[in-house]
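Just below is one structure, and these are the notes that go with it.
The values are calculated or read from the model by the stated rules, or taken from the named source; none is laboratory data. This structure is a prediction, so every number in the text was calculated from the model and none was measured. We place every Cβ from the backbone using ideal geometry, glycine too, and count neighbours over all the protein chains shown.
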């Protein structure tokens, strides 16, 4: 580019490097190797091992960045959730995915429930999503909060839409449902008291809750 008449300043602007770097390249008989830059320490450095362990222990299930962010904040993390999300994205396994094995239940046996989060015009909104285990029929409802009263109302509308009540409801670690993990021992969690009232009102069985295990922190 220099031999074709382009100025050193223009070359530097083209490659986003300084003019002194361009001059050093032009004076060298061989192409200079770039110096490796040391990585700057980040607030996440002390928690990478914990996050790796959590992701590995939950595999093949996925733990959301928001849940892991809250966990390491309790441990002393002072950074932002975007840093956590970016790091977790790099932990996703690469290569061909394993064949999808569909988990099915008999008709009327199970309904699966979870929250989804979105932003609309700068405001955070939540999606209540319920799925029947056998037919995979979905019912979704956008709401402005994830409080238990809202969750109960969403259940009522879902049951109306499905035309009946399943024998059991499966939740995936919803904060609205799980108040404290392992509150009464390993695997014995404290649930929202309204959950049992809701189940008894609709004559459901005790609602099953799938919880990802926490690894031990050394």
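Of all residues in the stretch 138-154, those satisfying the criterion of being over 20 Å from residue 106 (Cα atoms) and in contact with a strand residue (DSSP E or B) (Cβ under 9 Å, 6 or more places away or on another chain) are 140, 141, 142, 143, 144, 145, 146, 150, 151, 153, 154.
Listed conditions (1) in contact (Cβ under 8 Å) with a residue 60 or more places away in the chain; (2) part of a helix (DSSP H, G or I); (3) touching a helix residue (DSSP H, G or I) at 6+ places or on another chain (Cβ under 7 Å); (4) within 19 Å of residue 175 (Cβ to Cβ) are all met by residue 67, apart from (3). When the stretch 125-168 is filtered for residues that are more than 19 Å from residue 194 (Cβ to Cβ) and buried (at least 16 other Cβ atoms within 10 Å of the Cβ), the ones remaining, listed by number, are 129, 131, 132, 133, 139, 162.
Surrounded by 12 or more Cβ atoms within 10 Å (Cβ to Cβ), at pLDDT 85 or above and within 26 Å of residue 115 (Cα to Cα), is that true of residue 52? Judged against the criteria, residue 52 is a match.
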